[in-house]
Structures are given as structure tokens and as C-alpha cells.
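The values are calculated or read from the model by the stated rules, or taken from the named source; none is laboratory data. Everything quoted here is computed from the prediction, not taken from an experiment. Neighbour counts are summed over all protein chains in view; Cβ atoms, including those assigned to glycine, are modelled from backbone coordinates with ideal geometry. The protein model used for the area step is the full one, side chains on, heavy atoms only, and it has no ligands, DNA or RNA in it. Shrake-Rupley method; radii C 1.70, N 1.55, O 1.52, S 1.80 Å.
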Amino acid sequence: MEEQTEKDKLTRRNFLGVSSAALAAVGILTAGKATHGQDQSKSQAKGDRSASDPGPTNPGLDAANTDSTNPPFTDAGGVQTFKYPFSFSHKRLHEGGWSREVTVRELPVSKTMAGVDMRLTAGGVRELHWHTASEWAFMLYGTARITCVDADGRSFVTDVKEGDLWFFPTGIPHSIQGLAPDGCEFLLVFDDGNFSEYETVLLSDWMAHTPKDVVARNFGVSEAALANMPKKELFIFQAEVPGPLEEDRRIAAGKLGVSPIDFSFRTMQHPPVKTNKSGEVRIVDSSTFKIATAISAAIVTVKPGGVRELHWHPNADEWQYFFGGKGRMTVFATGGRARTMDFETGDVGYVQKTLPHYIENTGTTDLKFLEMFKSSFYQDLALSEWLSHTPPELVTAHLQLDKATLNAMPKDKPLIMPE
């Protein structure tokens, strides 16, 4: 009985690994240290001290990354790190707010997309600018006023709140400003893993690097009138909180009028595509958000005990942002390799195109995350969908499942289980 109690204490989380957060911080690959799941099982069966770690450790990182320090038996082989916390990113501080980014430089596997977390105070301005990449945004907190002009020079001005989105295609000039009472925080996602917020086309920077006589002739004013223009980029700066929205819209419209394009998307005004007792999924792509032709997304909520089912994406890599709760994800790669990593609020994840994976809620509150794709449309395939639409005799020959088990499989791609 005592022997059995000791065995019960040994769970699949009690085997040697390396903290995923520590790996992300120092950029160390662990392919050489990964052990095959079969070997781990043998080690556990012996009840020996192979999993012990008596040397120096970082208890905080280990506790937050239990599936890396003590990986499941099913993990096997070297799978590239697919997690990076925004907390490790350099925070670029300004009067009026801050920004920090996760690009391919921080997360080498993230080749197709990059992200920026930005905070603006009430009145804080992300200055007038544009990008060489398309910008998709998700409001995390507060309210903001966004402005742009479309390709025909017509203005767009609106206010956005928590849960709302916006999308600015490549080359469309725009700005963002925090509103009262406490400004805003938002996530920006770009369709280029090499993109950096340090490499945008900024109004102040452009003017500072253009001869003053040229600027004067361009504006039809004297050089003296330009004496107070900034000598370098502003990027983020503090200004007064803007006035009423309708007044800004009226003035910005001018003779050309208001743009017929809606660059914003009111997420909660659209029903989820799937909802059940374990959570919900909202899909945002060009079928519902017409201007978003370069990036598509799923906004996912998984309740405690739920799992984003085993699935893969045939058409694009998946860039993830976790903005609530705790979870873990296993990615299965080619060659019989698999790796599990833990995620919590503020973490970025990445799954390469076609690789199977799942995401499980391991906390006591709702797990919330974004799935982002460099594609105009959302697409996925689920394991249950595949097997339930394949001749059952063929499935049985592969997996040795009985008829009752096959019949119990979901037939309509639930997205989140249990239904």
C-alpha cells in the first residue's frame, strides 16, 4: 500500500526538462537534451532519482513551466521553442505610453507574423504613420480614437473599445490616441515576422529628414513657420484628450467626404461561430471584416476543463496571443516529435502550418487567446472531423477502436470539447 502511494505521487509532470520561459529568455535550443517518451516511462517505472534536479534552479520559472521542466511521457524529440512571453520584451517607454514587440528575432519560429503590445495614456498619441506591413489590432483595455485616410484620400475617424478590432492595409496612414478616463492598451499583429515598430514611416521623422525649404514650398509657407517642427521622431507622445468624435469626423472629412470603408470591426456585435458548455470561438476574416484581406483570426474562450480540440491549419502558420487564464499546448511535428509548453496571460505562441496541436485550459478561470493567420480566410481541420468522415473499417484498422468509440466521436467539428 505504501509502495502504491509513492507511485501515485509520480505523475507525468515529474520528469527532467528545461524551463520554456528560461529558454525563451536566453534563446537556447534543447533538441539535444530532449528524451524520447518511451525512455521517460522506463525511468518512472524504476522509481529512481533520474528526474531530480539538485543543482541551482529558477523556482519561479520552473513553477510557471511545469510541462517543460517535467514533460508528459508523450513528448518526444526536439521541437523548436514556440513560446515567448511579452514580459521578456524590451519596453520602449515614452511620455504618453509604451510599446514592446515579439518578432522573429525574439521567437525564431515566428517567420510569418510579428506582434506589438502598446499602451497609450488618456491623450497619448501613437503618431501619424504607416507601415510596410499590414496592421491588425485587438483592443485589450480602455478606449481609443483611430484615424486614417483611404487610398482615395477620404477620412476615417472612429472610437474603439475593449474587444473591438481594426485593420490598416500596407501604406494606409493612420494614428491611435488614448481616450479618457485611462487611455488604452491594444495588441498589433503584422503579416511579416521581421516587422518591427522601430521601422515605421513616421510623420515627424519624415519631416525631420526633409530639407526645410522643400517642406516650406510643399506647404506653401515660409521656412520660419516651420521653426518648431520636431527634429526627430515622436513615436508616442502626450497630447490633450481629443474632443467629440462627430466634430473630429466633420473636420477631417473636408471636401472629399468620409471613407465608405469601415476599418474597424465591432466583435461583440457578431455572434460566435461555435459555442457550447466548454467555450466559444469567434472567427474574423474577410468574409465578415471586408477590409481585412491579409490577416484572419479566431478569438477563442476555453472554460476550465475544456480543450481546443486536436486540429491543424492547412493554409497558414498560427500566431497566438494569450490574454486570459492559463493553459498548455502540445505541438506534434513530423518524425514522431512532440513538445508541450505552458501558457498564461501575455504569452505569444506559434504553430507552423499543418502541424497538429491542441490547447487545454489548465487553470480555474476562462482561457482566452487569439489565433492569427496570414491569410484572408480562416481554415482548420479537426482530428474528429477527419476520422468520422473516413470509412470506419479503415479507422479501426489503424487505431483498433471499437464501433461504440467510433460512433461517439463528434461529427460536426465542435472546436472545443467536451461539447
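Observations on the model:
- Average Cα contact separation per residue, the stretch 91-211, under 8 Å, 6 or more apart, as relative contact order %: 35
- Distance between the stretch 285-311 and the stretch 200-271 - C-alpha centres, whole angstrom: 33
- Shown is the FRET efficiency for Lys277 and Thr405, computed with R0 = 22 Å from the Cβ-Cβ distance and rounded to the nearest 0.05: 0.50.
- Residues of the stretch 86-112 with amide N under 12 Å of a point placed 7 Å along Cα→Cβ from Gln238: 94-97
- For Thr390 and Met229, the difference between the fully extended length at 0.36 nm per residue and the C-alpha to C-alpha distance is 51.2 nm.
- Cα-based helix-to-principal-axis angle, 37-46 vs the chain, degrees rounded to 10: 50
- Note on Met229: accessible area approximately 40 square angstrom, rounded to 10, probe 1.4 Å, nucleic acids and ligands left out.
- Heavy-atom SASA rank of Trp166, Trp98 (probe 1.4 Å, accessible area, largest first): Trp98, Trp166
- Available extension along the chain between Ser175 and Met207 is 9.9 nm, counting 0.36 nm per residue and deducting the alpha carbon span.
- Heavy-atom accessible area, probed at 1.4 angstrom with all protein chains present, ranks Arg92, Arg308 as Arg92, Arg308, highest first.
- Distance from the stretch 326-397 to the stretch 175-190 (C-alpha centre basis), Å: 30
- For the chain, built as a Gaussian network whose Cα springs stay under 10 Å, the top-fluctuating residue of Leu245, Leu310, Leu140: Leu245
- Zone of Asp152's modelled label, taken as backbone nitrogen in the stretch 254-273 under 11 Å from a point 7 Å along Cα→Cβ: 256-261
- Straight-line reach from Lys353: taking Cα to Cα under 13 Å and skipping same-chain neighbours fewer than 8 places apart, the aspartates and glutamates in range are Asp317, Glu318, Glu371, Asp380.
- Within the accessible surface of the stretch 324-419, defined with a 1.4 Å probe on protein heavy atoms only, the carbon and sulfur portion equals 59 percent.
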